Amino acid sequence: MATSLVLTFIGRDRPGLVNALAWKVAAAGGNWLNSRLAHLAGEFAGIVLVSVPDAQVFALTAALRELEESGLRVTVKASRAGGGRLRETAIDLDLVGHDRPGIVRDVTEVLLGLGVSIEEFTSDIESAPFTGEEMFRLTARLIVPENVAGEELRAALEKLAGEIMVDVTVREVPEPA
């Protein structure tokens, strides 16, 4: 039997961080299944889903703790692979507008009000072409519960877009064939 573990980590960016994690996982007989890794402000952070034989969970956890000596903070949490949530409808959201404080709060407040979950979320500040003004860009994969119509979500986000002066694009994600 195997256990699914979610690893989160953060540390000062330097060559070899991912390799160090991968070696520890492989040495415990684990399999690296899914990950999201990013460099932000000189730090390197990530979240990784691994599967490891039940008998190796403690050994892998101990081995990952050894990485803290090099400044890499790692947390380990047992998880259910695939989660327990049903995927009702997946929606992709793109938002772009002039940067200002509170955009993420405002968007997530609308999502919370409708019971929408965030599966993936990325944001960035970029310079607008020609003007060089700072523009905020957000992309997200949303999971919409079956009791919320796609048009209801679209209408709520378009109303917010008008209030905070951003452009939004909402697209339903086709089901895998």
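The values are calculated or read from the model by the stated rules, or taken from the named source; none is laboratory data. Keep in mind that this is a model prediction, so the values were computed, not measured. Because the Cβ atoms are built from the backbone with ideal geometry, glycine has one as well, and the counts that use them run over all protein chains shown.
Structure above, values below:
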quantity	calculated
Pick from the stretch 1-14, criterion in a strand (DSSP E or B) and farther than 17 Å from Ala78 by Cβ, ranking: farthest from the chain's Cα centre (by Cα)	Arg12
From the options Ser70, Ser117, residue that is touching a Gly at 6+ places or on another chain (Cβ under 8 Å) and either in the same structural domain as Pro15 (by TED's automatic domain parsing) or surrounded by 12 or more Cβ atoms within 10 Å (Cβ to Cβ) (or both)	Ser70
Elements of type strands (runs of 3 or more DSSP E) in the stretch 68-177, at least 2 residues being of a type in the set (Gly, Ala, Ser)	73-79, 89-98, 117-127
Out of Leu33, Leu17, Leu64, Leu37, sole residue that is within 22 Å of the chain's Cα centre (by Cα), surrounded by 15 or more Cβ atoms within 10 Å (Cβ to Cβ) and modelled with pLDDT under 95	Leu17
Meets criteria (out of contact with any helix residue (DSSP H, G or I) (no Cβ under 6 Å at 6 or more places or on another chain), surrounded by 13 or more Cβ atoms within 10 Å (Cβ to Cβ) and at pLDDT 90 or above) for Leu112	no
Selection within the stretch 125-136 - touching a residue at least 12 places away in the same chain (Cβ under 8 Å) and either buried (at least 16 other Cβ atoms within 10 Å of the Cβ) or over 19 Å from the mean Cα position of the chain (by Cα) (or both)	Glu133, Glu134, Met135, Phe136
Residue satisfying condition, being among the small types (Gly, Ala, Ser) and closer than 22 Å to His39 by Cα, within set Ser79, Ser123	Ser123
Out of Leu21, Leu33, Leu17, sole residue that is touching a residue at least 12 places away in the same chain (Cβ under 8 Å) and within 15 Å of Ser79 (Cβ to Cβ)	Leu33
